[in-house]
């Protein structure tokens, strides 16, 4: 469900490492038809290689809904973090696309990525705004949420189990995900 994702670009001939402390990934769940809640995942890691290969890992055990029992249920009943600890996003980007960006410049782009979640991999198209915030930092932000459809990743039964245990009439299977990912030169 989470996920996702996320693909970014870096100047050529440089490697970049994701800064977990300066990054954020959040998702919205909707229950009982119109009650929306924002959640986050706090364990993010990743890199952009000098060849433009992007890899972002999302530690699903770090899901934070603000309610510990719900976090536990999501880890066990939805994500099955014992078997599937990570969701990953990968992409290949042209490092030359933003090589010319100066500090403070930004570029809007669409990146073809792959989200691997719960043992299933699916393509995603992610619209980004990439900002060169300094000589050694780039920030990639979702220009619009990425909608992850839970059944596409085998998570429909987990959502149904959560709905039943919480006694809810519904939990949406479509989950909008937003992110800000900060990469520092490595």
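Pull out the extension gain between residue 136 and residue 168, defined as 0.36 nm times the separation in residues minus the alpha carbon to alpha carbon distance; nm, one decimal. Walk me through the numbers before you get to the answer.
Working: separation 32, 0.36 × 32 = 11.52 nm, distance 4.72 nm.
Extending this stretch completely gives an extra 6.8 nm.
State the extension gain, in nm to one decimal, for the chain segment bounded by residue 157 and residue 43, taking 0.36 nm per residue of separation less the distance between their alpha-carbons.
38.6 nm
Counting other C-beta atoms within 10 Å, which of 181, 124, 86 has the fewest, and how do the rest follow?
Working: 181 28, 124 20, 86 16.
By the 10 Å Cβ count, ascending: 86, 124, 181.
Please find, in a Gaussian network model of the chain (springs between Cα atoms separated by less than 10 Å), the residue of 20, 149, 102 whose mean-square fluctuation is greatest.
102
In what order do 107, 40, 100 fall by count of nearby beta-carbon atoms within 10 Å, going from fewest to most? Could the numbers behind the result be given before it?
Values: 107 14, 40 17, 100 11.
With the sparsest Cβ surroundings first, the list reads 100, 107, 40.
Find the relative contact order for the stretch 16-185 and round it to a whole percent, using C-alpha pairs within less than 8 Å whose residues are 6+ positions apart.
Working: 382 pairs, mean separation 45.5, N = 170.
Over the stretch 16-185, the number comes to 27 percent.
Which of rounded, prolate, oblate describes the stretch 29-133, given a ≥ b ≥ c as roots of the alpha-carbon gyration tensor eigenvalues and a/c under 1.5 marking rounded, otherwise prolate only if a/b is larger than b/c? Mind dumping the intermediate values first?
Numbers: a/c = 2.38, a/b = 1.83, b/c = 1.30.
Prolate, since a/c reaches 1.5 and a/b exceeds b/c.
How do 73, 132, 163 rank when sorted from fewest to most other Cβ atoms within 10 Å of their own Cβ? Don't skip to the answer; put the middle values down first.
Numbers: 73 19, 132 22, 163 15.
Ordered by Cβ neighbours within 10 Å, fewest first: 163, 73, 132.
Give me the log10 of I(q) over I(0) for the stretch 64-113 at q = 0.13, 0.25 Å⁻¹, as the Debye formula computes it from C-alpha points; what are the numbers?
Relative scattering, expressed as log10 I(q)/I(0), comes to -0.60, -0.96.
Read through the labelled values (1) 1.04; (2) 1.27; (3) 1.11 and report the label of the one computed as Cα Rg over 2.2 N^0.38 Å from the structure.
Correct label is (1).
Rounded, prolate or oblate: which fits the stretch 123-177 when a ≥ b ≥ c are the square roots of the eigenvalues of the alpha-carbon gyration tensor, with rounded for a/c under 1.5 and prolate only if a/b beats b/c?
Working: a/c = 3.81, a/b = 2.93, b/c = 1.30.
Prolate, since a/c reaches 1.5 and a/b exceeds b/c.
Every number here is computed from the coordinates shown, using simple stated rules; none is lab data. All values derive from a computational prediction rather than experimental measurement. Glycine gets a Cβ as well: all are built from the backbone with ideal geometry, and neighbour counts include every protein chain shown.
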